[in-house]
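Novice: Quick one: this structure, given as structure tokens, is what I'll be asking you about.
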There are 2 protein chains.
Amino acid sequence: MFAPVYLDHNATTPLDARVLEAMLPFLKERYGNASSRHEYGRAARAAIDTARQQVAAAVGAHPTEVIFTSGGSEANNLFIKGAAACLKPGTVGVSAIEHPCVREPARELTRQGWQLHEIAVDKEGRLDAIDYAAALAAPLRLVSVMLANNETGVLQDIPALAEKARGAKAWFHTDAVQALGKVKVDFRGLGVNALTVSAHKICGPKGAAALVLNKRIELKPLISGGGQERNLRSGTENVAAIVGFGAACELAVARLDEDAARLERLRDELEAGLARLGATVFSRNAARLPNTVFFAMPDIDGETLVAQLDRAGFAVASGSACSSASPEPSHTLLAMGVEAETARSAVRVSLGRGNTDEDVLRFLQTLGEMIGKLKKMAALAV
Amino acid sequence: MFAPVYLDHNATTPLDARVLEAMLPFLKERYGNASSRHEYGRAARAAIDTARQQVAAAVGAHPTEVIFTSGGSEANNLFIKGAAACLKPGTVGVSAIEHPCVREPARELTRQGWQLHEIAVDKEGRLDAIDYAAALAAPLRLVSVMLANNETGVLQDIPALAEKARGAKAWFHTDAVQALGKVKVDFRGLGVNALTVSAHKICGPKGAAALVLNKRIELKPLISGGGQERNLRSGTENVAAIVGFGAACELAVARLDEDAARLERLRDELEAGLARLGATVFSRNAARLPNTVFFAMPDIDGETLVAQLDRAGFAVASGSACSSASPEPSHTLLAMGVEAETARSAVRVSLGRGNTDEDVLRFLQTLGEMIGKLKKMAALAV
């Protein structure tokens, strides 16, 4: 039976049954290419239009500001590379804790005459105000700071950061992939020029995401061709995934208050239990997502713990999912000044809609037993 | 009842029920992120590995040569832009009848110091040997010629073209999106460095395609980040779509001989009927795909005919689906030297697995009646 307890919702989420229901007609009889000028094509186009409205409504944007892409990594690359291609080389600033799909494109710009400023964070993982001011004075042309970190769940004060960027005439982007569905995401309220959201982090399908972009910003496309998405993202639209994204957005917004309150309660239970087991919870003093707990058990290797929890029927992460093929400790923790040894102990639990009180209780119980055994083994090995 | 006769398979195809069956577990309980190091992640990774083998087998490549992307447009852009970024600027050659997702990236290179040579075709739509030789002498660094044209279905002699490119040390890519599932596609036999194939043209899902790439070629990614797909295409893999792509490849290969023979028979019936109605069939003297008929009824506007056929319950295309939002006549026909007026009459019928003899008979009957009425109206209007 394939059903370990899933506690890795920041990596990806199960598709909500209602979202799959909304997608199925587009995987069956409504299979048209949205560019086709016949009944099948029009049905596909209408469905994309509806999804665009749903996504726009979820983030308080206008539907014409929504550019569908195949995923969050594509949307983040599109902003960084696409905006840079329209600007004279200058300084690009990204926080030191960005996802690799923001940091890597920013680093690549340095081969085209750009300067990169990786903006420091404090020990809780919040952007360092002094280093941000230094970056702004560079002068900064492009800046990307994530709304919520995928590992610690730490929320940045985007409205304040974006306002400063406006003063410096820099284009400000925020990766809101981890925030949507967990906290309110409001495009106008944030005051950003662009933000990224993704379907598969909010119980929608893999294969659809959006760059939400205001009209002040000019971009060159990564993928050119047929001219879809206002010429900013060519290619036959993944209709079913886009429809699923729209449905998932509608659900996420409708359930936000309820989900967030419930997840926060489970999270607090989990953290209380972890404290009893002697764990360190990272960024505990910062404003954070309600579902994310990034912790370390002293002297226990995170990878080992993740592997043992997997065998015991609990799916959790050590680093961020995308980089967990590499053995290096979390760059987020290192940027926060956490010692490499402690960072190597890090384990991430990210809760989701399907998790229950019992999941948390069983997880804590299993973890407690596991730690007892690991410590005994370590003692024997000495 | 939503069921016009679908005769637009070069735009997109219905998802085969067996392909959807293969995908569903990954839209339900097997929802893991393939980068996650737990049971859910391993199940996703194993499914992608299997699909990679299926896609590789379908085109006679090694699984490590398969780079999954979100679609054919992305794969074509990845080759053109990604290869150019690793080369000194020189000449890029693409046929004058390429899909916009090849022509546009090639045109964009001219802003980075590249010369573009659009290689001419003859009146049947076959590459012009003399102009190709001129391009090779440029000297050419990069060349992309499609295996089968999306509008006329014309097949190019890729093995011969690729051999000449090898002699000139140019990197040769072919867009085989329209060829797969309709004619044999053999990566080694074609002798190309890279080829593009896409799932949704072979009764697979939208959202998955591949750039098949030999190890001689170096590429820079369009989408950088987590390092997926050998660092050539970062981003959480669309597991369900990739699984569907693999299943669709396996089916397409298994059914190739049977499908091709049946489609060719239907196509010949259709063309015989069109000839009786006075139609001109483009590229009739060239080697073509077995499913594609691109024709014009003299003095009848193609857009009008497509719209009337749509109302009568037949889904066909006027230009290629991706560019059918623009009113310009087909660039493929113009490149073949067809007069703009005749090109404006063009209608494309592209048959698929689900079409029957009855579909063709009913289509011809409806078209005949329609033409009679349109001619009567035209006579009254004079």
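The values are calculated or read from the model by the stated rules, or taken from the named source; none is laboratory data. Keep in mind the model is a prediction, meaning the values are calculated, not measured. In this analysis, Cβ positions are derived from the backbone assuming ideal geometry, glycine residues included, and neighbour counts consider all displayed protein chains. With ligands, DNA and RNA removed, areas are computed over all heavy atoms of the protein, side chains included. Shrake-Rupley method; radii C 1.70, N 1.55, O 1.52, S 1.80 Å.
Novice: Return the total of residues in the stretch A:130-148 being of a type in the set (Gly, Ala, Ser) and buried (at least 24 other Cβ atoms within 10 Å of the Cβ).
Specialist: Matching residues across the stretch A:130-148 total 3.
Novice: Something else: Which of the residues spanning the stretch B:212-232 are more than 9 Å from chain A (Cβ to nearest Cβ) and buried (at least 24 other Cβ atoms within 10 Å of the Cβ)?
Specialist: Going residue by residue through the stretch B:212-232, those that are more than 9 Å from chain A (Cβ to nearest Cβ) are B:212-219, B:229-232.
Once the filter is applied, which keeps residues that are more than 9 Å from chain A (Cβ to nearest Cβ) and buried (at least 24 other Cβ atoms within 10 Å of the Cβ), the stretch B:212-232 yields B:212, B:213.
Novice: Only one of these conditions is not met by residue B:244: (1) open to solvent by 10 Å² or more (accessible area, probe 1.4 Å); (2) modelled with pLDDT of 95 or more; (3) out of contact with any Ser or Thr (no Cβ under 9 Å at 6 or more places or on another chain); (4) not assigned by TED's automatic domain parsing to the domain that holds residue B:355. Which number is it?
Specialist: Evaluating residue B:244 over (1) open to solvent by 10 Å² or more (accessible area, probe 1.4 Å); (2) modelled with pLDDT of 95 or more; (3) out of contact with any Ser or Thr (no Cβ under 9 Å at 6 or more places or on another chain); (4) not assigned by TED's automatic domain parsing to the domain that holds residue B:355 leaves (1) as the failure.
Novice: Tell me the residue from A:312, A:286 that is of a type in the set (Gly, Ala, Ser), within 14 Å of chain B (Cβ to nearest Cβ) and surrounded by fewer than 23 Cβ atoms within 10 Å (Cβ to Cβ), please.
Specialist: That would be A:312, the only listed residue that is of a type in the set (Gly, Ala, Ser), within 14 Å of chain B (Cβ to nearest Cβ) and surrounded by fewer than 23 Cβ atoms within 10 Å (Cβ to Cβ).
Novice: Within the stretch A:35-49, take every residue that is free of Cβ contacts under 8 Å to residues at least 40 places away in the same chain and in a helix (DSSP H, G or I) and give me the one that is surrounded by the most Cβ atoms within 10 Å (Cβ to Cβ).
Specialist: A:40
Novice: Suppose the filter is open to solvent by less than 30 Å² (accessible area, probe 1.4 Å), farther than 30 Å from residue B:206 by Cα, within 15 Å of the chain's Cα centre (by Cα) and within 14 Å of chain B (Cβ to nearest Cβ); does residue A:151 pass it?
Specialist: Yes; evaluated as a whole, the condition is true for this residue.
Novice: Which one of these is open to solvent by less than 20 Å² (accessible area, probe 1.4 Å), within 19 Å of the chain's Cα centre (by Cα) and over 27 Å from residue B:24 (Cα atoms): A:274, A:263?
Specialist: Details: A:274 fails: within 19 Å of the chain's Cα centre (by Cα).
On inspection, the qualifying residue turns out to be A:263.
Novice: Identify, from the list B:161, B:142, the residue that is part of a strand (DSSP E or B) and out of contact with any Ser or Thr (no Cβ under 7 Å at 6 or more places or on another chain). Give the steps one after another, and end with the answer.
Specialist: Working: B:161 fails: part of a strand (DSSP E or B).
Checking each option against the conditions leaves just B:142.
Novice: For the stretch A:289-302, which positions are more than 17 Å from the chain's Cα centre (by Cα) and open to solvent by less than 20 Å² (accessible area, probe 1.4 Å)?
Specialist: Passing the criteria: A:295, A:296, A:297, A:300, A:302.
Novice: Residue under question is residue B:338, and the condition is that it be outside the structural domain of residue B:121 (by TED's automatic domain parsing), surrounded by 12 or more Cβ atoms within 10 Å (Cβ to Cβ) and touching a Leu at 6+ places or on another chain (Cβ under 8 Å); does it hold?
Specialist: No; evaluated as a whole, the condition is false for this residue.
Novice: Related question: Only one residue in B:272, B:260 is free of Cβ contacts under 8 Å to residues at least 60 places away in the same chain, assigned by TED's automatic domain parsing to the domain that holds residue B:361, assigned to a helix (DSSP H, G or I) and of a type in the set (Gly, Ala, Ser), so which one is that? I'd like the intermediate steps shown before the answer.
Specialist: On the way: B:260 fails: free of Cβ contacts under 8 Å to residues at least 60 places away in the same chain.
Answer to the selection: B:272.
Novice: Among the residues that make up the stretch B:50-68, is at least one of them without any contact (Cβ under 8 Å) to a residue 40 or more places away in the chain and within 9 Å of chain A (Cβ to nearest Cβ)?
Specialist: No.
Novice: Looking at the stretch B:1-27, which of its residues are surrounded by fewer than 20 Cβ atoms within 10 Å (Cβ to Cβ) and within 7 Å of another protein chain (Cβ to nearest Cβ)?
Specialist: Listed by number, the residues that qualify are B:2, B:4.
Novice: Applying the selection to the stretch B:85-105, what residues are more than 10 Å from chain A (Cβ to nearest Cβ), touching a Gly at 6+ places or on another chain (Cβ under 9 Å) and either part of a helix (DSSP H, G or I) or of a type in the set (Val, Ile, Thr) (or both)?
Specialist: B:97
Novice: Open to solvent by less than 10 Å² (accessible area, probe 1.4 Å), more than 23 Å from residue A:205 (Cβ to Cβ), without any contact (Cβ under 8 Å) to a residue 40 or more places away in the chain and in contact with a helix residue (DSSP H, G or I) (Cβ under 6 Å, 6 or more places away or on another chain) - does that describe any residue in the stretch B:167-183?
Specialist: yes
Novice: Another one. Restricting the search to the stretch A:344-372, which residues are farther than 27 Å from residue A:180 by Cα and open to solvent by less than 60 Å² (accessible area, probe 1.4 Å)?
Specialist: A:345, A:364, A:366, A:367, A:368, A:370, A:371, A:372, listed by residue number.
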